[in-house]
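Here, each number is a calculation from the coordinates, and none is a lab measurement. Predicted, not measured: the structure shown is a model, and the values here were computed from it. Note: ideal-geometry Cβ built from the backbone for every residue, glycine included; neighbour counts use all protein chains shown.
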Amino acid sequence: MIPVRRLLLALAAATTLGACGGNSLDGSLSEAFDLSFAEVLVRRSEKAVQVTYLRSEGREVVIRMTVAIEGVDVSHAGSINLAQEYAPGHPRAAVSRAVDNEPVRQLPAVVQGDLTLDGPPHPGETVSGSFSVRFGEGGDLGSGRTLTGSFSGTVQGTDG
């Protein structure tokens, strides 16, 4: 009986560790709405990197984080401060949500957080990363809440 218990514990630990490396979305924002998703898209343009968590065959945007990369070197792995402005009055990061039977929501400004890329987001190549943010006051949802995520995907778009 003890060997079976050890085997089950080992399998549970391996499953938990294996889940750490994939796509995830969590934080106190989950108390305000459902953060479940089916896929993640990573996009890149000359001006931004965008990470989008989707469900319902891509119809619903659970979370979309758009990060302005003006003035940031993304040619290698590194972190981007999401609480900064890329220009006066223009936040570095914007987070939104658009799911069925709800209005499109723009979450409050990011007051603390960062995005870490494990490599350069070149179109056609795989990039992984993670983010952690705390939202400021305001908006109809998300005020003062947190959001964390990890992602990995083939980058769509252009380098600019």
Calc'd 3J(HN,Hα), segment 110-126, phi into Karplus 6.51 cos²θ - 1.76 cosθ + 1.60 (θ = phi - 60°), Hz, glycine/Pro = x, comes to 6, 9, 7, x, 8, 10, 10, 9, 7, x, x, x, 7, x, x, 9, 7
Tell me, what ³J(HN,Hα) does each residue in segment 25-41 have, in order and in whole Hz, if you take phi through Karplus 6.51 cos²θ - 1.76 cosθ + 1.60 with θ = phi - 60° and put x for Gly and Pro? 8, 7, x, 5, 4, 5, 6, 8, 7, 5, 9, 5, 8, 10, 8, 10, 10
Sorted by Cβ density within 10 Å, fewest first, the residues Thr154, Thr146: Thr154, Thr146
Going from the fewest other Cβ atoms within 10 Å to the most, one would list Tyr86, Tyr53 as Tyr86, Tyr53
Could you list Ile63, Ile69 so that the one with the fewest beta carbons within 10 Å of its beta carbon is first and the one with the most is last? Ile69, Ile63
To test your reading of the geometry: what angle, between 0 and 90 degrees and rounded to tens, separates the Cα axis of helix 2-19 from the longest principal axis of the chain? 10 degrees
Across 10 Å bins beginning at 0, the whole-percent shares of Cα-Cα pair distances in segment 22-157 come to 13, 46, 35, 6
Phi-based couplings in Hz for segment 80-95 (Karplus 6.51, -1.76, 1.60; Gly and Pro marked x): 10, 6, 7, 8, 7, 9, 7, 8, x, x, 10, x, 5, 10, 9, 10
